[in-house]
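Derivation of every value follows stated rules applied to the coordinates shown; laboratory data play no part. Everything numeric in this text was worked out from a predicted model, so none of it was measured. Backbone-built Cβ (ideal geometry, glycine too); neighbour counts: all protein chains shown.
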Amino acid sequence: MKTPGPLYIVATPIGNLEDITFRAVRILKEVDLIAAEDTRHTRKLLTHFGISKPLTSYFDHNKHLKGDVILARLRDGASVALVSDAGTPCVADPGYQLVCDAIAEGIVVVPIPGVSAAVAALSTAGLPTDSFTFIGFLPSKQGKRHQQLSSLKDEPRVLIFYEAPNRLMTTLKDMRDLWGERKIVVARELTKVYEEFVRGDTSAVIAQFADRQIKGEVVILVTPAEDSTQEGASAESLDEDLRRYLFVERLSLKDAVKRASVKLGLARSLVYSEALRINSGS
């Protein structure tokens, strides 16, 4: 019996082609087959890096048929790289079923890490990063979208969503209607020429996009629900404690957040956000 070939899960750039890793380029040059969400899109990437390898499509609507074909190649000893149009496969992109089937058959699955729009947006949003929940795309149908948003109303962690540009305003308005005002960040066209971050209360962000034609994929980040983490502690107490720790006792931001969250029984993400505001003088 032949030894099955490995399945590589290869992250590709979300915009700027310089964000691909040396390892990803090497793997794409070495594998026997590349399975791509859109072969036309991936062919441009391969041409840019001088890579000439057989391509096959693998996307949501053909994943069962093509999954069987790819598994057969892997069983026969071929090495296969799975790529999506942008970012890391299987994260709000095709690939989950193929990975599960490969693991079930004892095929080695190897991550080739790289860009993820969610992590890239979170790292530069200016929101707490110690605890977050990735949601991905919300349902397109209003009823199901409202149902999911309602279930997330009291989520105590930063929420991260992906959204299409034509649905951004609808989603933001739904968030405001169901949650009230929250601090949010909209990250658009990440790593591209027109990269943009819009920060503020929900209504303020909606106003900034009101008269614009929105282009490019979007990441929406939303601060935690304060009510679910207050547990009787007042905003005044938190403000006073943090100012004492930061400016009187001269604690580091990290230590001040840790002490205040323990004392008041608040989520560290909420305390961190408030500490950043106080420390910046806003």
**OP:** Work out the length of the dipole vector of the stretch 56-109 about its Cα centre, built from +1 on the beta-carbon of each Lys and Arg and -1 on the beta-carbon of each Asp and Glu, and round it to the nearest 20 debye.
**Re:** 100
**OP:** State the answer as a single residue: which of V257, V80, P165 lies farthest towards the positive end of the charge dipole of the chain, with beta carbon charges of +1 for Lys and Arg and -1 for Asp and Glu, about the Cα centre.
**Re:** V80
Subject >> Given charges at Cβ of Lys, Arg, Asp, Glu: the chain dipole, positive-most of T202, A35, V110 >> reply: A35
Subject >> Spatial extent of the stretch 9-105: Rg and Dmax, with the Cα atoms as the point set, Å >> reply: 12.5, 36
Original post:
Which three semi-axes in whole Å describe the equivalent ellipsoid of the stretch 41-94, each the square root of 5 times a Cα gyration tensor eigenvalue, listed largest first?
Top reply: 19, 16, 9
**OP:** Could you pull out every one of the lysines with an alpha carbon less than 21 Å from that of K254, ignoring same-chain neighbours closer than 8 positions?
**Re:** K263
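Rounded to the nearest 0.05, what FRET efficiency do S131 and V110 give with R0 = 41 Å and r taken as the Cβ-Cβ distance? Could you check?
On the way: r = 29 Å, r/R0 = 0.70.
With R0 = 41 Å, the Cβ-Cβ based efficiency is 0.90.
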Original post:
Among the lysines, which have Cα under 28 Å from the Cα of K44 when same-chain residues fewer than 8 positions away are ignored?
Top reply: K29, K53, K63, K66, K192, K215
Subject >> Within the stretch 186-217, backbone nitrogen closer than 19 Å to the virtual label 7 Å beyond the Cα of T170 toward Cβ >> reply: 206-207, 209-217
**OP:** Work out the length of the dipole vector of the chain about its Cα centre, built from +1 on the beta-carbon of each Lys and Arg and -1 on the beta-carbon of each Asp and Glu, and round it to the nearest 20 debye.
**Re:** 540
Original post:
Semi-axes of the chain's equivalent ellipsoid from the Cα gyration tensor, sqrt of 5 times each eigenvalue, largest first, rounded to whole Å?
Top reply: 41, 21, 18
Original post:
Given only helices, namely DSSP H runs of n ≥ 4 each adding -39500 (n - 2.57), what is the per-residue ellipticity at 222 nm of the chain, to the nearest 500 deg cm²/dmol?
Top reply: -12000 deg cm²/dmol
Original post:
Could you name the lysines in cross-link range of K153, using Cα to Cα under 18 Å and dropping any fewer than eight places away on the same chain?
Top reply: K144, K173, K183
